[in-house]
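The block underneath contains the structure these notes are about, expressed in structure tokens.
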Amino acid sequence: MTVPTGTGVLERRRASVRGGFSRPRGGSRTSGTAPRPRRGRSRTPWLYLAPALVVLGGLLAYPIYQLGLISVFHYTQAQVSGGEPTTFEGFGNYSRLFSDGQFWEVLLATVVFAAACVVSTLAVGCALAVLLTRVRAVPRLALMLAALGAWATPAITGSTVWLFLFDADFGPVNRVLGLGDHAWTYGRFSAFFLVLLEVVWCSFPFVMVTVYAGIRAVPAEVLEAAALDGASQWRIWRSVLAPMLRPILVVVTIQSVIWDFKVFTQIYVMTGGGGIAGQNLVLNVYAYQKAFASSQYSLGAAIGVVMLLILLAVTLVYLRLLRRQGEEL
Amino acid sequence: MKLSVRMVAVAAVLATAACAPQTSGNSSSDKDEKTGTLRVWLFQEVNNQPKEQVVDSVLAAFEKEHEGAEVTVEYIPVETRAQRIKAAFNDPKSAPDLIEYGNTDTAGYVKDGGLADVTEDFGAWDEAKDTDPTARQSVTVGGKVYGVPYFVGVRALYYRTDVFEELGLDVPKTQAELIATAKEIRAAKPELYGLAVGGAYTYGAMPFIWSHGGELATGKGGSYASAIDSAAARKGIEAYTSLFGDDNCPAAKCAAMTGNDTITAFAAGKAAMAIGGDFSHAAVEAGQVKGKYAVVPLPGLKAGSIAPAFAGGNNLGVLKSTTHRTLAVDLMKRLASKEAQGELFDAMGFLPTFSDVRQQVAAKEAFVKPFVATLAADTKFVPASPAWAQIDAGAVLPTMFQEVVSGKKDVDSAAADAAKKMNDAFGSVG
């Protein structure tokens, strides 16, 4: 109940629905009432977890271990192909990275850009999800198909098409807006804006479909009651839907943060590998340029480790905050 | 407690299993078999058929000479060559014996431990004495020879004869005239770029720096120091970047252009002049400007002088891991012989690396004259340091030009930053 609603009926209704739908608080961790099997010795849970653990270990833990390992060595093409011996560098790659002004610039750009992408994607996705519940079958189908089409388009194709739309010489956008031969990818912000549009375009369908499914699961009577109480669309979203959809919103937010922080294809394709004089570099592209374009695998690995830590920290802090507020995922 | 002991054991096993990242043993092979299959990788050109014919005739003679030896040639795409060749170095078992490679990659490949030292074989080869000095430099690292030059490529000034005639312009004889002419054309015909230039066109920009007496880097052997921020080099940067602007080639478009983009613009009739290579000839011929253009050497500072050009091109090299060293070296010499290079020119238009053969072909084909004249005047090469690959891949010079033309930095600070990055790269490989 973070937001006072001011109408008694709505308040009561919501409380009752919530009580009926959400799980009992703190059930999974601290429930002392239910009789439980003795903990610890039993191997059964591990047995069941084993297949998943093996797969995770092979596909996730081992590569991360290798990434960390490479990042503490001096490891370039010469070391890979045996031209020179591999030398242990400790945190040399990291100190080189942190003393490089460009890294901090790129990190800042990445954070700001990812934040803008997440906010825009969620805004567009949620708005269209609400719209989906309001329109009739045919327009709904059309919107769904359009969104799924955007979702299914490979990032390379999408980026190329957007680039063409905004092409200085042949692009229809310039012609429609009467901008002459304005070059969208020349300025730093206009290039980032162009990429943001593409990122939002290809990632809002996930948000939209997920949130739409969530809204469908909300009992109609709650919304009806809110409407009867005279709540506006915006008010219904803010005070009824958003709190009820919170677990879903948490998932799509974390997903979006992770995706947008790691954006690569769109930047690489649309700004030609990082833009004029590297003005549109984000961390992932920067890591690629270091690791593969110039074969400094260890430096690239160090950037990868830093990215991993940042994302882990963001996700953990976010989950932690939610737990404090008493929400369960 | 039992669990944690087990965990420690697992961790210990993991730690001992892989305490250093993987490395392939790319030591030189002891074997030197005189029979068996030789594997060769050559680059796939846009129109590859004529090249294959030249290569096939060399192979036929080679297989006749060496009984029991067989050659398989694979033409690899130029775009993915870096991955392919890196992979070959990483996995000697599936690597070829002989490769074609871009001459700016020599020092990098040598450092990677991929190429075999053929200094003695090159010295004992009677045709090698006519190899021109810049081409020889492009296979030499630290005084040792790691291959033979296959062909050279050099750039000159393409211009539209019809536009020049219509506006009553003379072909520019100095760099100052070149810049003035470019702007004059743009003023008279705003739909054309005067001289198409690109912020990412390093090898089109270098002649401007070299003609002012600037250098990329100074030094010999392993230790180089950047000279891109010297007063002379800065003058060259100033001259080149003065061509970006609404009065010639708008920065909004041209800052991101590469060499290929400028040639595409010229071939499509969107530019009155462009700096293109002898290897761009086919692309221009295939464009709308066929029959309406001519080529002259890029003018230097003084009237009649030629701006020093970058001597690009490809080399052939034997891989260190080969098990057929003698055969591979012999095939390399045959493929790059005077006769084969002459045939390759007839087939593909690639300029021979032997000064005497080049003179002969220039007499036959008129279009190569400006390129041969450029080669004869003065050519330069990139620093023979493995750091060059890193500088090139890190787009250090394009970044510098782009910073200047987009107004983010002035010439002095952009050049100083580029010099710092270059020195970091030189230092890291030293």
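The values are calculated or read from the model by the stated rules, or taken from the named source; none is laboratory data. Note that the coordinates shown come from a computational prediction; the quantities given were computed from them, not determined experimentally. Ideal geometry is used to build each Cβ from the backbone, glycine not excepted, and the neighbour counts take in all protein chains shown. What goes into the accessible areas is simple: the full protein's heavy atoms, side chains included, and nothing from ligands, DNA or RNA. Shrake-Rupley method; radii C 1.70, N 1.55, O 1.52, S 1.80 Å.
Quick rundown of the values:
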item	result
All helices (runs of 4 or more DSSP H) inside segment A:150-247 with 3 or more residues being among the hydroxyl-bearing types (Ser, Thr, Tyr) and surrounded by 15 or more Cβ atoms within 10 Å (Cβ to Cβ)	A:188-217
Pairs, first under 21 Å from A:Ala277 (Cβ atoms) in segment B:186-203, second part of a loop (DSSP other than H, G, I, E, B) and among the β-branched types (Val, Ile, Thr), C-beta under 8 Å, six or more apart	B:Gly198/B:Thr258; B:Ala200/B:Thr258; B:Tyr201/B:Thr258
Failed item in (1) under 21 Å from the mean Cα position of the chain (by Cα); (2) assigned to a loop (DSSP other than H, G, I, E, B); (3) surrounded by fewer than 18 Cβ atoms within 10 Å (Cβ to Cβ), with B:Ala282 passing the rest	(2)
Within segment B:139-152, considering residues that are within 14 Å of chain A (Cβ to nearest Cβ) and part of a loop (DSSP other than H, G, I, E, B), the one least open to solvent (accessible area, probe 1.4 Å)	B:Tyr146
Per-region count, segment B:299-322, residues assigned to a loop (DSSP other than H, G, I, E, B), closer than 21 Å to B:Ala233 by Cα and open to solvent by 10 Å² or more (accessible area, probe 1.4 Å)	5
Qualifying residue in segment B:86-96 (condition: under 24 Å from B:Pro352 (Cβ atoms), part of a helix (DSSP H, G or I) and not charged (D, E, K, R))	no
Among residues of segment A:77-92, those that are open to solvent by 30 Å² or more (accessible area, probe 1.4 Å), in contact (Cβ under 8 Å) with a residue 12 or more places away in the chain and more than 7 Å from chain B (Cβ to nearest Cβ), counted	4
Members of segment B:219-237 found to be at pLDDT 90 or above and surrounded by fewer than 17 Cβ atoms within 10 Å (Cβ to Cβ), listed by number	B:Ala225, B:Ala231, B:Ala232
Pick from segment B:253-269, criterion over 12 Å from B:Tyr203 (Cβ atoms), within 12 Å of chain A (Cβ to nearest Cβ) and in a loop (DSSP other than H, G, I, E, B), ranking: least open to solvent (accessible area, probe 1.4 Å)	B:Ala255
Condition broken by B:Lys380, with the remaining ones in (1) surrounded by 18 or more Cβ atoms within 10 Å (Cβ to Cβ); (2) touching a residue at least 60 places away in the same chain (Cβ under 8 Å) satisfied	(1)
All helices (runs of 4 or more DSSP H) inside segment B:346-430 with 1 or more residues being under 30 Å from B:Gly113 (Cβ atoms) and within 14 Å of another protein chain (Cβ to nearest Cβ)	B:387-393, B:396-405, B:411-429
Number of positions in segment B:145-203 that are closer than 30 Å to B:Met332 by Cβ and either touching a His at 6+ places or on another chain (Cβ under 8 Å) or of a type in the set (A, V, I, L, M) (or both)	5
Contacts under 6 angstrom Cβ, first residue in segment A:287-306 being under 16 Å from A:Phe73 (Cβ atoms) and in contact (Cβ under 8 Å) with a residue 24 or more places away in the chain, partner open to solvent by 20 Å² or more (accessible area, probe 1.4 Å) and of a type in the set (Lys, Arg), 6 or more apart	A:Gln296/A:Lys290; A:Leu299/A:Lys290
Selected residue [in contact (Cβ under 8 Å) with a residue 40 or more places away in the chain and open to solvent by 50 Å² or more (accessible area, probe 1.4 Å)] from B:Arg155, B:Arg136, B:Arg84	B:Arg84
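One line per residue, one yes/no per condition, for (1) out of contact with any strand residue (DSSP E or B) (no Cβ under 7 Å at 6 or more places or on another chain); (2) more than 14 Å from chain A (Cβ to nearest Cβ); (3) of a type in the set (D, E, K, R):
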| residue | (1), (2), (3) |
| --- | --- |
| B:Glu120 | yes, yes, yes |
| B:Ala124 | yes, yes, no |
| B:Val154 | no, yes, no |
| B:Ala188 | yes, yes, no |
| B:Gly194 | no, yes, no |
| B:Gly198 | yes, no, no |
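Residues are listed down the side, and each one gets a yes or a no for (1) in contact with a strand residue (DSSP E or B) (Cβ under 8 Å, 6 or more places away or on another chain); (2) in contact (Cβ under 8 Å) with a residue 12 or more places away in the chain; (3) within 12 Å of chain B (Cβ to nearest Cβ):
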{"position": "A:Ile64", "(1), (2), (3)": "no, yes, no"}
{"position": "A:Gly68", "(1), (2), (3)": "no, yes, yes"}
{"position": "A:Tyr75", "(1), (2), (3)": "no, yes, yes"}
{"position": "A:Phe98", "(1), (2), (3)": "no, no, no"}
{"position": "A:Trp104", "(1), (2), (3)": "no, no, no"}
